[in-house]
Amino acid sequence: MELDLPLEAILETLSTGEIDVSGQFAWGSNYTFLADVSSESGRLRAVYKPAEGEQPLWDFPLKSLARREVAAYLVSEALGWELVPPTILREDGPGGGGSLQLYLQGAPQRHYFTFEPHEKQRLRPVALFDLLVNNADRKGGHILLSQDGHIWLIDHGVCFHEKDKLRTVIWDFAGEPVPADLLVATEQFRIQLDGRGPLRSQLSPLLSTAEIEALIGRTDHVLAEKRFPVPGPDRPYPWPLV
């Protein structure tokens, strides 16, 4: 699951390459396709999620999930944690506009609930990332480990709601202080969210103004509290867990 091409080549191929749908994922409530993407920069496999294939949700705007997938990637990159595979928005997909994400093959039996204790200890950036993006669906199977040990996160269509929607299986660090290095990264991330910051302009076409302001509010809260959140009745576990 390592990146075989440089990041620039991956993004170039995702952004401009010819998309050839080769299969459909059976799991999930939304239409999700496996695709081969080819360009002069290379050839790769990708996960294509057209907005037209999204099932309506009562608490998220219609046809907004693909844009949230892209926003999650941008936040991951801005934090410097490289947790989310390269993801872009393609308006010219074969099924209409949608997200296109580099496909990473994970072992189905390797997920949060089968990680060794030392592997779970590496998930602090994941827990903080989910808090910042307000992830409403962090299942155990959404966390992948590459052969070289890199942590990858997938499925971020239900993130960035302006109200608290955090639902996650990762409560290993509840109430603990956030490590200093993660706080430094969060401080730098906060600067990029300022009115003239580059990240804010990147997120504006993807999220509403209220959702961006909520992201800023969550970031400020993390920097003020400096602790991981604790579970409660208003923060249920996702279902299914894997």
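Numerical summary
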quantity: Residue within segment 164-185 that is more than 26 Å from residue 117 (Cβ to Cβ), in contact (Cβ under 8 Å) with a residue 40 or more places away in the chain, open to solvent by 50 Å² or more (accessible area, probe 1.4 Å) and not aromatic (Phe, Trp, Tyr) present; calculated: yes
quantity: Those residues of segment 58-68 which are part of a helix (DSSP H, G or I) and open to solvent by 60 Å² or more (accessible area, probe 1.4 Å), in sequence order; calculated: 67
quantity: Count of residues meeting criterion [part of a loop (DSSP other than H, G, I, E, B), under 12 Å from the mean Cα position of the chain (by Cα) and of a type outside the set (A, V, I, L, M)] in segment 140-168; calculated: 5
quantity: Residue within segment 208-224 that is modelled with pLDDT under 95 and open to solvent by 30 Å² or more (accessible area, probe 1.4 Å) present; calculated: no
quantity: First in segment 62-77 and on the phi > 0 side of the Ramachandran plot, second anywhere and in a helix (DSSP H, G or I) and open to solvent by less than 10 Å² (accessible area, probe 1.4 Å), Cβ under 7 Å, 6 or more apart; calculated: none
quantity: Residue in segment 48-57 that is of a type in the set (A, V, I, L, M) and surrounded by fewer than 21 Cβ atoms within 10 Å (Cβ to Cβ) present; calculated: yes
quantity: Number of positions in segment 74-117 that are assigned to a loop (DSSP other than H, G, I, E, B), open to solvent by 40 Å² or more (accessible area, probe 1.4 Å) and within 18 Å of residue 242 (Cα to Cα); calculated: 6
quantity: Subset of segment 192-207 that is surrounded by 14 or more Cβ atoms within 10 Å (Cβ to Cβ) and more than 16 Å from the chain's Cα centre (by Cα) - its residue that is modelled with the lowest pLDDT; calculated: 197
quantity: Residue in segment 168-175 that is of a type in the set (Phe, Trp, Tyr), farther than 18 Å from residue 87 by Cβ and touching a helix residue (DSSP H, G or I) at 6+ places or on another chain (Cβ under 9 Å) present; calculated: yes
quantity: Count of residues meeting criterion [in a helix (DSSP H, G or I), more than 17 Å from residue 127 (Cα to Cα) and touching a helix residue (DSSP H, G or I) at 6+ places or on another chain (Cβ under 7 Å)] in segment 187-242; calculated: 8
quantity: Cross-chain or 6+ apart pairs with Cβ under 9 Å, segment 132-144 first and under 14 Å from residue 27 (Cβ atoms), then part of a strand (DSSP E or B); calculated: 137/168; 139/168; 142/153
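Here's the yes/no breakdown for (1) among the polar types (S, T, N, Q); (2) open to solvent by less than 80 Å² (accessible area, probe 1.4 Å):
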site	(1), (2)
5	no, yes
9	no, yes
17	no, yes
23	no, yes
32	yes, yes
36	no, yes
40	no, no
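The values are calculated or read from the model by the stated rules, or taken from the named source; none is laboratory data. Treat the numbers as computed from the prediction; the structure is a model and nothing was measured. Every residue, glycine as well, gets a Cβ built from its backbone with ideal geometry; the counts of neighbours run over all protein chains shown. Ligands, DNA and RNA are stripped out before the accessible areas are found, and what is left, the full protein with its side chains, is counted by its heavy atoms. Shrake-Rupley method; radii C 1.70, N 1.55, O 1.52, S 1.80 Å.
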